[in-house]
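Data block below; observations after.
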Amino acid sequence: MPDSSALPPSDAASQELVAVARIIGAHGREGEIRVKVTSDVPGRFDEGQTLFLSKDGAAAEDRTYQIAHSRSTGSKGNDILIISLRGFRDRDQALKLAGFWLCVSQSEVPVPEDGEYFHYQLIGLKVRTEAGEDLGEVSEILETGSNDVYVVTGAGGEILVPALSKVVREIDIASGLMIVDLPEGLR
């Protein structure tokens with residue numbers, strides 16, 4: 001039986017998606033969901049906004065959802081929200097979405113300032129030293145407070161690369177490459 005709370009299928013499959021929140025689980029008995037937010041775009045989770053559902057944060061399912069309302073949990077930081085989706089009335093509906101990503105079309109993402117990048121642009125970049133040694137690719141980004149740390153996964157295992165201008169020498173999104181100058185002891 002089709003999910004009656006989902007909006008009709010759209011052309012999401014042909015769009016590039018950007019994950020803006022991960023669904024942690026259900027909240028309460030009224031069908032609300034708890035999400036960990038990965039977007040800082042103002043109004044992204046306001047009433048009426050439409051979001052795509054995705055298992056992996058990149059490919060859309062055949063469902064989109066509209067936000068009925070959202071609120072902060074009041075916990076430290078604003079990265080956890082409670083969201084009510086239109087058509088959701090009970091906990092069982094919300095539980096089925098745990099682990100999924102909420103996404104928007106890449107066309108809805110604002111253009112970053114010169115020299116700034118969104119996480120989705122950096123994940124998957126090949127990482128090479130200035131001397132030409134291939135280290136692997138950016139597999140994860142850790143937010144540490146002072147600066148991000150790029151987790152580079154390659155044949156030699158994982159390397160943690162601090163997102164500092166003296167370490168990350170060049171980022172070329174178009175060619176999918178990050179050039180780094182690793183200080184001693186970083187491997």
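No lab work stands behind these numbers, since they all come straight from the coordinates. All values reported here derive from a predicted model rather than from experimental measurement. Every residue, glycine among them, receives a Cβ derived from its backbone with ideal geometry; neighbour counts consider all protein chains shown.
At a glance:
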quantity	calculated
Sequence-distant residues sharing a close amide H with H69 (under 5 Å, placed H)	S84
Point-charge dipole on Cβ atoms (K/R +1, D/E -1) for the chain, about Cα centre, debye to 20	840
Relative contact order %, the stretch 131-187, counting alpha carbon pairs below 8 Å whose residues are six or more apart	22
Contact order relative to length of the stretch 63-187, as percent, for alpha carbon pairs under 8 angstrom and 6 or more apart	15
Karplus-derived HN-Hα couplings along the stretch 44-54 (A = 6.51, B = -1.76, C = 1.60, θ = phi - 60°), whole Hz, x at Gly and Pro	4, 10, 6, 3, x, 5, 9, 10, 8, 9, 9
Expected 222 nm ellipticity per residue - DSSP helices of 4 or more, -39500 (n - 2.57), all of the chain, to 500	-1000 deg cm²/dmol
Cubic angstrom per residue, convex hull over Cα atoms of the stretch 74-173	166
Lysine-lysine proximity count for the chain, Cα under 20 Å, sequence distance 8 or more or distinct chains	5
Rg and Dmax [Cα atoms of the stretch 11-107; Å; Rg one decimal, Dmax integer]	12.3, 37
Under 10 Å, Cβ to Cβ, from G136 - net charge with Lys/Arg +1 and Asp/Glu -1	-1
Among V104, V127, V18: highest mean-square fluctuation, GNM of the chain, C-alpha pairs under 10 Å	V127
Environment charge of Q49, counting only residues whose C-beta is closer than 13 Å and scoring Lys/Arg +1, Asp/Glu -1	-1
For the stretch 28-43, 3J(HN,Hα) per residue [Karplus equation, 6.51 cos²θ - 1.76 cosθ + 1.60, θ = phi - 60°, Hz, x = Gly/Pro]	x, 10, 9, x, 6, 10, 9, 10, 9, 7, 10, 10, 10, 6, x, x
Top of R86, R128, R22 by mean-square fluctuation, Gaussian network on the chain, Cα under 10 Å	R128
Environment charge at I23 (Cβ cut-off 14 Å; Lys +1, Arg +1, Asp -1, Glu -1)	+3
Contact order normalised by residue count of the stretch 11-107, Cα under 8 Å, 6+ apart, percent	42
